[in-house]
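Chemist: Provided herewith is a single structure, encoded as structure tokens, for subsequent inquiry.
The values are calculated or read from the model by the stated rules, or taken from the named source; none is laboratory data. Quantities reported herein were computed from a predicted structural model and do not represent experimental measurements. Reconstructed Cβ throughout: ideal geometry from the backbone, glycine too, with neighbour counts over all protein chains shown. With ligands, DNA and RNA removed, areas are computed over all heavy atoms of the protein, side chains included. Shrake-Rupley method; radii C 1.70, N 1.55, O 1.52, S 1.80 Å.
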Amino acid sequence: MRAIWKGAVSFGLVNVPVRLYSATENHDVQFRQVHREDGGRIRYRRFCSIDGEEVSYDDIAKGYETEDGDMVVLTDDDFADLPSRSSKEIGVTKFVPADQIDPMWLDKSYYLEPDKSATKPYVLLRDALESEQRVAIVTVSIRTRMTMAMLRVRDGVIVMQTMLWPDEVRAADFAAVDEQHATSQEMDMAKMLIDQLAGDYDPGEYEDDYALAVKELVRAKVEGGEVRATAPEEEESGEVVDLLAALSRSVERAKASRGEAPSAPTPKSATKKTTAKKSATTSSAKKAATKKAAPAKKTAKKAEKKSEKKAS
């Protein structure tokens, strides 16, 4: 694993330098959107909904949509003034009983590894959390934004789990559920069913059968030769066309800003006529040059014959 963040856990006067590692990873099967006919990948481009032009990443900003549907564009200077901190400290604010934290509040999980010089205070914090059966509520800044998190112990390692803010957890309001209650007979049958299915949780008993079936399906198609080799993209020609189009639009914008009329597009028919005239002129010139060269050659030959007779 590779560390994604470096900082220190701070509780009281104790400072524990640590490295942060992602504790989970996504193994979902990933698909590409392709053309059904030839397997070519589908590409998407970013277009402005107002002027219809393609927008580069450099020209994309963050916008906040109001309740009225208006858009407020925010710049980097606007975000610089917000209360976001970039800190390398995981500050403990409170130690609370572990059973007071509902799993609904938890978000992403990370492993904390201590520096070699900080192993002793790391072990001290770990053992104290396990002995007191408490978790540490902390604040941490990851990617400039401050967030809440929880430190707990799992398999002898301190795990940090980021937490949702109070307004991010929705309240369940289902009136039909509150109005009904199970009968004693239904409860007895439910308890019997629970007893029949009771047991301990073993993660090894479960597997993602969908992902395995998809991989097996793909493997069978590869072995059966059902693979389509997509043609390489003509990147060079595409870049030239896009560049010319961008330059053309830039010229027209510059003219519009100066109040000049836009350039009239050259009709294809006019281009063809001009080309035809040029080719016709060129061919006639060649014919004329050929006609002029022919008499000159004949005159030269006659002069050579006369000189030969006089010499003899």
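Chemist: With respect to L74, determine if the residue is farther than 23 Å from E25 by Cα and within 34 Å of the chain's Cα centre (by Cα).
Modeler: Spelling it out, L74 is indeed farther than 23 Å from E25 by Cα and within 34 Å of the chain's Cα centre (by Cα).
Chemist: Consider only pairs whose beta carbons are under 6 Å apart and that are at least six residues apart or on different chains; among these, list those whose first residue lies in the stretch 19-43 and is under 26 Å from K108 (Cα atoms) and whose second residue is open to solvent by 100 Å² or more (accessible area, probe 1.4 Å).
Modeler: Final answer for the pair search is R19/K6; Y21/M1.
A quick yes/no check of all residues on (1) surrounded by 11 or more Cβ atoms within 10 Å (Cβ to Cβ); (2) within 29 Å of W165 (Cβ to Cβ):
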{"position": "S10", "(1), (2)": "yes, yes"}
{"position": "V55", "(1), (2)": "yes, no"}
{"position": "D58", "(1), (2)": "no, no"}
{"position": "D68", "(1), (2)": "no, yes"}
{"position": "M71", "(1), (2)": "no, yes"}
{"position": "S87", "(1), (2)": "yes, yes"}
{"position": "Q100", "(1), (2)": "no, yes"}
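Chemist: For the stretch 110-147, give me the residue count where each residue is modelled with pLDDT of 90 or more, surrounded by fewer than 17 Cβ atoms within 10 Å (Cβ to Cβ) and among the hydrophobic types (A, V, I, L, M, F, W, C).
Modeler: Residues in the stretch 110-147 being modelled with pLDDT of 90 or more, surrounded by fewer than 17 Cβ atoms within 10 Å (Cβ to Cβ) and among the hydrophobic types (A, V, I, L, M, F, W, C): 3 in total.
Chemist: Could you look through the stretch 23-82, keep only residues that are of a type in the set (S, T, Y) and out of contact with any strand residue (DSSP E or B) (no Cβ under 9 Å at 6 or more places or on another chain), and pick out the one that is farthest from R152 (Cα to Cα)?
Modeler: Per the criteria, the residue is S49.
Chemist: So, one more: How many residues are hydroxyl-bearing (S, T, Y) and either out of contact with any Ser or Thr (no Cβ under 7 Å at 6 or more places or on another chain) or exposed (fewer than 10 other Cβ atoms within 10 Å of the Cβ) (or both) if we restrict to the stretch 161-192?
Modeler: 2
Let's see how each residue does on (1) assigned to a helix (DSSP H, G or I); (2) of a type outside the set (S, T, N, Q); (3) at pLDDT 85 or above:
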position	(1), (2), (3)
S49	no, no, yes
G63	no, yes, yes
D68	no, yes, yes
S86	no, no, no
V96	no, yes, yes
D99	yes, yes, yes
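Chemist: Sticking with this one: Scanning the stretch 193-215 for residues that are outside any helix (DSSP H, G or I) and open to solvent by 100 Å² or more (accessible area, probe 1.4 Å), which turns out modelled with the highest pLDDT?
Modeler: Here the answer is D200.
Chemist: Determine, yes or no, whether E89 is in contact (Cβ under 8 Å) with a residue 60 or more places away in the chain and touching a Lys or Arg at 6+ places or on another chain (Cβ under 7 Å).
Modeler: Taking the combined requirement at face value, the residue does not satisfy it.
Chemist: I would also like to ask the following. Among (1) open to solvent by 90 Å² or more (accessible area, probe 1.4 Å); (2) of a type in the set (F, W, Y); (3) under 23 Å from I142 (Cβ atoms), there is one condition F31 misses while meeting the rest; what is its number?
Modeler: Answer for F31: the failing condition is (3).
Chemist: Identify, from the list R152, R228, R219, the residue that is assigned to a helix (DSSP H, G or I) and surrounded by 10 or more Cβ atoms within 10 Å (Cβ to Cβ).
Modeler: R219
Chemist: Within the stretch 34-53, track down each residue that is acidic (D, E) and open to solvent by less than 100 Å² (accessible area, probe 1.4 Å).
Modeler: Those that are acidic (D, E) and open to solvent by less than 100 Å² (accessible area, probe 1.4 Å): D38, D51, E53.
Chemist: While we're here: Are there any pairs with C-beta distances below 9 angstrom linking a residue in the stretch 44-70 that is farther than 26 Å from A80 by Cα to a residue that is surrounded by 10 or more Cβ atoms within 10 Å (Cβ to Cβ) and among the aromatic types (F, W, Y), with the two at least 6 apart or on different chains, and if so which?
Modeler: What qualifies is E53/F47; E54/F47.
Chemist: Being touching a strand residue (DSSP E or B) at 6+ places or on another chain (Cβ under 8 Å) and without any contact (Cβ under 8 Å) to a residue 60 or more places away in the chain: is that true of L124 here?
Modeler: Criteria not met by L124.
Chemist: Can you tell me which of (1) in contact with a Phe, Trp or Tyr (Cβ under 8 Å, 6 or more places away or on another chain); (2) assigned to a loop (DSSP other than H, G, I, E, B); (3) farther than 29 Å from A229 by Cβ is the one E25 doesn't meet?
Modeler: For E25, the exception is condition (1).
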